[in-house]
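Q: The following block contains the structure, expressed as structure tokens.
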Amino acid sequence: MRENSAEQPGGEKAHSIKLTDPRALRAYAHPLRLTLVGLLRRHGPFTATRAAELTGESVASCSYHLRILAKYGLVEEAPGGRGREKPWRATARYTEWPGYSDDPSVAQAADELNVAVAERYFGRFVQVLESRAGISKEWREAELFGDALVYLTPAELASLGERIDALLGAYADREGDPALRPPGARPVSFMKIAYLDPDGGNDEEEE
């Protein structure tokens, strides 16, 4: 699994951090920590004081959760400042974790993180849908909202994901270099979600 693509300050292409420790997976699943990492990737570096302003949480709470994130390598101190006024920055552009693991503790922790990320994704999406004033007709008609039921093998689904990644990759350089963005370009959140439909039944034919 992968989530939270965002540019690093200065347009640097940061690496991806992969979480495999169940403790790290559970630590990252906290809603405020997910939010803090996302904000740092888009708006960082910033201090715990600024984090409190952006999230509506207390400075002490943000400072505590930033330290937990640092413990698992998701954020780090940036140069300058001291104490609660020291700035923090994200260590990577993406966070990845196993989609499958033979280790039950890793599998369970990864599933818990998946649920937390899904709740965050759709919570943000609902907020957007509830605040549509000012969105132009052009953008409303261009946005994507729908679903499709397709019959695929695991290999075909993986291939489909790779092709979607390739399509999105054509726009990746715009993230770190504003000069590459055409007039009128704005940040668009694109979610990839494909799951085995539990209501589809078992349509496999027995041989």
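Nothing in this text is a laboratory measurement; each read-out follows from the coordinates by a stated rule. Only a predicted model underlies this, so the values are computations on that prediction, with no experimental measurement involved. Glycine gets a Cβ as well: all are built from the backbone with ideal geometry, and neighbour counts include every protein chain shown.
Q: Could you order peptides 150-163, 106-119 by the average number of other Cβ atoms within 10 Å of their residues, highest first?
A: Numbers: 150-163: 10.6, 106-119: 17.1.
Going by the mean number of other Cβ atoms within 10 Å, highest first, we get 106-119, 150-163.
Q: Amide H neighbours of K18 under 5 Å, counting only residues 5+ apart in sequence or on other chains, H built in-plane at 1.01 Å?
A: The list, which skips near neighbours in sequence, is E96.
Q: I've got another one for you. For the chain, give the magnitude of the charge dipole about the Cα centre (Cβ charges: +1 Lys/Arg, -1 Asp/Glu; no others), in debye to the nearest 20.
A: The dipole of the chain has a size of about 1820 debye.
Q: Next up: Taking the range 11-77 on its own, what percent of its Cα-Cα pair distances exceed 19 Å?
A: 27 percent
Q: Here is a follow-up. Around L25, with a cut-off of 10 angstrom between Cβ atoms, what is the net charge of the other residues, counting Lys and Arg +1 and Asp and Glu -1?
A: Once positives and negatives cancel, what remains is -1.
Q: In the range 7-137, what is the volume of the convex hull around the alpha carbon atoms, normalised per residue and reported in Å³?
A: Cα convex hull per residue, to the nearest whole number: 132 Å³.
Q: Could you tell me how many degrees, from 0 to 90 and to the nearest 10, lie between the Cα long axis of helix 104-130 and the main elongation axis, the longest principal axis, of the Cα atoms of the chain?
A: The answer is roughly 80 degrees.
Q: Please give the calculated 222 nm ellipticity per residue for the chain, where each DSSP H segment of at least 4 residues contributes -39500 (n - 2.57) and the sum is spread over every residue; nearest 500 deg cm²/dmol? Please list the in-between numbers first.
A: Values: 8 runs with 94 residues, N = 207.
Result for the chain: -14000 deg cm²/dmol, rounded to the nearest 500.
Q: Starting at the first residue of the range 144-157, write each ³J(HN,Hα) from the Karplus equation 6.51 cos²θ - 1.76 cosθ + 1.60 with θ = phi - 60°, in whole Hz, x for Gly and Pro.
A: In residue order, the calculated couplings are 10, 7, x, 8, 8, 9, 10, 9, 9, 8, x, 5, 5, 5 Hz.
Q: Count the net charge of all other residues whose Cβ sits under 15 Å from the Cβ of S101, scoring Lys and Arg as +1 and Asp and Glu as -1.
A: -3
Q: Please report the projected area of the range 87-191's Cα convex hull averaged over all directions, in nm².
A: If you wrap the Cα atoms of the range 87-191 in a convex hull and average its projections, you get 10.6 nm².
Q: Helix 31-43 versus the longest principal axis of the chain: what is the Cα-based angle in degrees, 0 to 90, to the nearest 10?
A: Helix 31-43 and the main axis of the chain meet at about 70 degrees.
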